[in-house]
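Report on one structure; see the data block that follows.
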Amino acid sequence: MTTIDNTPAGSALSSLRRARDRFLSGRPPGDGLPEDLAEAWRRARFFGVPRDLVAPPRVRLPEDSPLLAAARPALDRVAPALSGEMGLVLVDSRCRALWSGGGRYTGTSADVTGLDLSEKAVGHNSAALALRTGRRAEVHGPEHFLDLWQEVSAVSVPLYEPTAGRPAGTITVVAPLGEGRAAHPGTAIAEATAHAVETELLGRARPAERVLLDAYLRQRADGAAVVALDGSSRLVSPEAARLLSHETLARLERRATALLRDADAVPEGAHSGTGEEIAVPDGAGLTVSMTRVAHGGEVIGAVATVCPAAPRARARAAERPGPDRFPGLVGTSPPWRVAVSRATELARAAEPLLLIGEAGVGKTALARALLGRRGTAAPRLVDAAEQVAGEVPSWCRALAEGDGGAPPLLLRHAERLGQSDVAALLSLLEERPAVPLVATHTPGAPTGPCLSRLLDILAARSVTLPPLRERVEDIPALLAGLVRRPSPGRPPLTWSLDARRALEQHTWPGNVTELAHVVREVAERRRATGPVRREELPYGLRVPPATRRLSGIERAERTAILEALRRHGDNKVRAAESLGIGRATLYRKLRAYGMDQA
């Protein structure tokens with residue numbers, strides 16, 4: 001937020017405080033609150049965190065922490081240079097404060113070493129958020145769940161060990177909350193300290209680990225999907241994580257272990273040949289090339305690179321029938337093809353199948369297509385969100401008492417199942433593990449122990465569908481599939497390049513369902529001819545994405561501005577009046593968020 005005007009920032013903080021007060025009093029927090037923040041507050045309430053906690057609980061710290069040993073030189077250099085009331089904290093992967101220093105902490109004691117900062121203990125905070133997301137996180141004042149930290153602003157930067165695929169801890173900088181300042185003043189300090197600590201961790205890594213890490217980074221330099229394995233741990237790039245299932249990763253790990261056991265000596269740091277090609281059962285037209293990595297004359301691990309299959313294999317894959325031409329199943333991007341291929345393979349057996357994904361990704365459409373391919377009776381559709389009592393237990397009884405002639409069950413929104421439904425399914429699965437059931441699950445809501453047990457059982461045969469933001473190359477095909485047939489005498493709906501770029505830049509929290517609503521709205525409202533232009537899209541889609549990562553306060557403010565402009569038909573004067581700010585201030589905000597060109 002690059003402005004010295006305090007009104008909007010203060011307004012955003014006041015809005016968050018009111019939303020928090022409503023939430024803690026048991027009322028809906030209101031519109032405009034980011035869903036991830038509301039979900040964090042709900043988790044804190046689920047964990048039973050008291051809002052009026054006087055001090056976070058203390059935990060037993062490890063006697064010998066490699067992370068603290070590596071971080072201590074950098075921490076000792078930075079802490080004395082901190083100004084004012086700013087403080088510095090080192091947090092490990094279990095959210096324990098290993099070290100603290102710097103100035104006085106607002107809202108808590110000066111020494112936070114030994115405190116438990118996990119969500120289960122203290123609710124929403126930047127350290128827990130950074131560990132969970134693996135990215136820098138800022139939490140300001142009223143975004144915290146605890147009353148204790150309402151005047152505290154914190155930024156946390158995750159620390160990655162050289163051979164770990166997940167954060168080993170965070171560097172957190174704490175400062176008093178500033179009403180007129182959205183971005184945290186200690187962000188640069190946290191980033192620089194984290195870089196220094198990671199450099200030290202890299203220097204302390206065992207030589208063999210360094211060699212394997214260097215081989216991994218060389219392969220990743222070209223944007224390839226890469227997995228590094230040493231027989232006991234694995235480092236998976238985000239691209240590989242989207243393309244390979246847990247079963248395939250486990251298979252690669254077993255193969256790497258075999259290579260370590262059986263390999264002959266090879267030259268220092270060398271890859272052995274061009275690599276061994278391994279077929280990917282859950283990848284459409286993909287193979288994995290695994291090469292050994294040596295150090296000191298011994299094989300120390302392997303680097304597996306995901307690559308397109310040979311031309312003949314791709315031709316065979318192309319000959320197989322593709323996904324049904326249904327709007328929710330359109331797509332040729334690798335993440336989508338891999339998910340559909342994996343689901344199709346699992347659906348060949350009449351056993352339970354769980355489709356996981358965000359709302360609107362096409363789980364039900366895929367489930368219908370898979371059940372249709374089985375050639376059995378039409379499935380019985382039950383939507384747990386509609387709370388129709390007795391449907392699931394009656395299906396379970398019919399299947400348990402009959403000869404297997406009951407139709408397959410398509411169960412939507414498994415996360416909303418009632419207690420009796422969960423009990424009936426658990427009982428049936430215990431007696432007959434192989435039942436014709438396809439369930440969809442949207443993660444996010446807290447689950448009780450019984451439902452968690454059911455989801456754990458179904459997870460053995462599960463597929464996660466990618467959100468639309470991870471397969472934006474499918475948007476042109478989806479647009480063509482989602483457009484209704486035009487009325488006689490009217491040309492089909494087409495899209496300009498600028499409009500398609502705007503659609504591809506959107507984050508699509510509602511996924512394909514949201515895209516379908518946009519297509520329908522544009523088709524119903526437009527009167528012009530020719531391709532749809534960017535100016536004809538809803539305002540929130542015409543606005544380019546933020547050029548930097550926004551804090552929670554900034555996201556709330558940006559959302560409020562977008563909503564006001566939408567309500568008032570893009571009239572900036574009326575939008576400013578509804579927000580209680582001046583027109584000049586609104587224009588400054590639009591420029592700060594890169595929204596002035598929409």
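The values are calculated or read from the model by the stated rules, or taken from the named source; none is laboratory data. Note that the structure is a prediction, hence the values are computed from the model and not measured. Cβ sites come from the backbone with ideal geometry, for glycine too, and all protein chains shown count toward neighbours. Heads up: the accessible areas ignore ligands, DNA and RNA and are worked out on the full protein's heavy atoms, side chains in. Shrake-Rupley method; radii C 1.70, N 1.55, O 1.52, S 1.80 Å.
Descriptive notes on the structure:
- Residues in region 201-232 reached by a label modelled at E276 [backbone nitrogen below 18 Å; 7 Å Cα→Cβ]: 227-232
- Model label points for A434 and V59, set 7 angstrom from Cα along the Cα-to-Cβ axis, are 4.4 nm apart.
- For K572, the aspartates and glutamates whose Cα falls under 13 Å of its own Cα, not counting residues fewer than eight places away in the same chain, are E563, D596.
- Loop trypsin sites (Lys or Arg not before Pro), region 20-97, which have at most 10 other Cβ atoms in a 10 Å radius of their Cβ (DSSP): R60
- Within the accessible area of region 361-501 (1.4 Å probe), percent carbon and sulfur: 52
- Placed amide H near L353: partners under 5 Å, 5+ positions off or other chain: L437, V438, A439
- When the alpha carbon gyration tensor of region 497-539 is reduced to an equivalent ellipsoid, the three semi-axes, largest first, read 18, 13, 7 Å.
- Over region 388-465, the Kirkwood radius and the radius of gyration, each from Cα atoms, give a ratio Rg/Rh of 0.93.
- Cα-based convex hull volume of region 438-532 per residue, rounded to whole Å³: 133
- Taking the charge dipole of region 355-499 about its Cα centre, with +1 at Lys and Arg Cβ atoms and -1 at Asp and Glu Cβ atoms, the residue from A477, V361, I457 reaching farthest to the positive side is A477.
- Taking a quarter of the surface of the Cα convex hull of region 10-145 gives a mean projected area of 9.1 nm².
- Stokes-Einstein D in µm²/s, Kirkwood radius over Cα pairs - region 420-464 at 4 °C with 1.567 mPa s viscosity: 115
- The modelled label-to-label distance between R501 and H246, using points 7 Å beyond Cα along the C-beta direction, is 4.1 nm.
- Accessible surface, per residue, of region 178-234 when the full set of protein chains is kept, probe 1.4 Å, Å²: 49
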